[in-house]
Amino acid sequence: MLLTCGQHALDLSEPVVMGVLNVTPDSFSDGGELASPEAALRQARRMAEVGAAILDVGGESTRPGAREVGTGEELDRVLPVVEALVAELELPVSVDTSKPEVMREAIAAGAAMVNDVRALQAPGALAAVAGSQAAVCLMHMQGEPRTMQVDPRYRDVVAEVHAFLAARVEACETAGIGRERVVVDPGFGFGKTLEHNLALLAGLREFARDGLPVLAGLSRKSMIGALTGRCVRERLAGSVALAALAVANGASIIRAHDVAETVDAVKVAAAVRRYR
């Protein structure tokens, strides 16, 4: 399976790891550590060296309760990093944003993917991606970041999330974004309880059966804390375990902070999956 990412063709015949570069002061797990383009570039180099296949740059935190960031501020955070990564590294660069203006500017700067927690629902977002060759990751989120974890409810979380993503894929195709450019993400932790997250992980094959790459973002998330009692900085083992389970259940892209360890886990899980 090849994913068209701008000038790149990302080979997903085997699952890969997407490295997380949060250039925000308030990210839930590494806020402020990569606030300068220089720090982000150093981290990106390290991630590339240990096996990241794609890098995801985010300039606005989407953790529960996070404040909204203006378009100008988000552009100031992400554009220098995107430009530096594209100039130096051969890997495709993704921009984690829901704002059409940021999408357009980042794509013009060389971003090869848009990773949108709102699945291109903002006015103008579909057109911003359709007018390019960039890939898009469509994520499910119930509610908004500031309130999404207040009281999320579903009758059947797997069926409802699957139906939402199928509708957004159809909207993309109608807008001129072909399936060869589309990734889906069930949105672990975005308007979901622990039980919802576990049900989605167990049911991940339902999403993979549609023939589109599935991205799983489980790294350091609160569900690990709920299961283990570990704080954010102590969730490596739990993150690696969830990455392996996601690959076993059909995920093609694992979004992770700890790239080296996750790459190893993904390789092992993929080897076992080939014999299923």
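Read the figures in this text as sums done on the coordinates, not as results from a lab. Note that the coordinates shown come from a computational prediction; the quantities given were computed from them, not determined experimentally. Cβ placement follows ideal geometry from the backbone for every residue including glycine, while neighbour counts extend to all protein chains displayed.
Taking loop as defined by DSSP and a crowding limit of 11 other beta carbons within 10 Å, which trypsin sites (Lys or Arg not before Pro) in region 95-183 fit? Mind showing how you got there, number by number?
Working: sites: R104, R118, R146, R153, R155, R168, R179, R181; in loops: R118, R146, R153, R155.
In loop regions of region 95-183 (DSSP not H, G, I, E or B), the sparsely surrounded trypsin sites (Lys or Arg not before Pro) are R153, R155.
Stick to Cα atoms and the Kirkwood definition of Rh, then tell me Rg/Rh for region 42-91.
Numbers: Rg = 12.8 Å, Rh = 12.3 Å.
Rounded to two decimals, Rg/Rh equals 1.04.
Only Cα pairs under 8 Å and at least 6 apart count here; give the relative contact order of region 174-216 as a rounded whole percent.
Answer for region 174-216 is 58 percent.
Only counting other Cβ atoms within 10 Å, I'd like C231, C172 sorted with the fewest neighbours first. Walk me through the intermediate numbers first.
On the way: C231 10, C172 21.
The order, fewest Cβ neighbours first, is C231, C172.
Could you list I253, I224 in order of exposure, starting from the residue whose Cβ has the fewest other Cβ atoms within 10 Å? Before the final figure, lay out the partial values.
Working: I253 29, I224 25.
By the 10 Å Cβ count, ascending, the order reads I224, I253.
Report relative contact order for the chain in percent, whole number only (criteria: Cα-Cα under 8 Å, sequence separation at least 6).
Working: 564 pairs, mean separation 54.2, N = 276.
Computed value for the chain: 20 percent relative contact order.
If you take the C-alpha gyration tensor of region 176-273, multiply each eigenvalue by 5 and take the square root, what semi-axes do you get, largest first, in whole Å? List each step's numbers first, then the result.
On the way: eigenvalues 98, 50, 29 Å².
Semi-axes from the Cα gyration tensor: 22, 16, 12 Å.
Between region 175-189 and region 208-276, what is the C-alpha centre distance in whole Å?
Between the Cα centres of region 175-189 and region 208-276 lies a distance of 19 Å.
For the chain, give the magnitude of the charge dipole about the Cα centre (Cβ charges: +1 Lys/Arg, -1 Asp/Glu; no others), in debye to the nearest 20.
Numbers: 28 positive and 35 negative charges, 169 e Å.
Using only the charged Cβ atoms, the result is roughly 820 debye.
Based only on Cα atoms, what Rg/Rh ratio does region 1-131 have, Rh being taken as Kirkwood's radius? Walk me through the numbers on the way to the answer.
On the way: Rg = 13.9 Å, Rh = 14.8 Å.
Answer for region 1-131: 0.94.
Just for the chain, what percent of DSSP beta bridges are antiparallel, to the closest 5?
Roughly 10 percent of the beta bridges in the chain run antiparallel, per DSSP.
Using only DSSP helix segments of four residues or longer, with each worth -39500 (n - 2.57), what per-residue ellipticity at 222 nm results for the chain after dividing by its residue count and rounding to 500? Please list the in-between numbers first.
Working: 10 runs with 114 residues, N = 276.
-12500 deg cm²/dmol, from helical runs alone.
Could you tell me, in Å, what Rg and Dmax come out for the Cα atoms of region 55-134?
Cα only, region 55-134: 11.8, 35 Å (Rg, Dmax).
Output needed: percent of Cα pairs per 5 Å distance bin for region 125-219, bins running from 0 to the one holding the longest distance.
2, 14, 25, 23, 18, 12, 6, 1
Neighbouring Cβ atoms within 10 Å as the yardstick, rank S98, S219, S13, S132 fewest first. Each step should come with its number before you reach the end.
On the way: S98 22, S219 26, S13 9, S132 19.
By the 10 Å Cβ count, ascending: S13, S132, S98, S219.
Please build a GNM for the chain, connecting alpha carbons under 10 Å apart, and tell me which residue among L227, L55, L198 fluctuates the most.
L227
Just to confirm a number: summing +1 for Lys and Arg and -1 for Asp and Glu over residues other than M223 whose beta-carbon lies under 12 angstrom from that of M223, what do you get?
+4
For the chain, which semi-axes, largest first and in whole Å, follow from the square roots of 5 times the eigenvalues of its Cα gyration tensor? Mind showing how you got there, number by number?
On the way: eigenvalues 114, 90, 82 Å².
Three semi-axes, in Å: 24, 21, 20.
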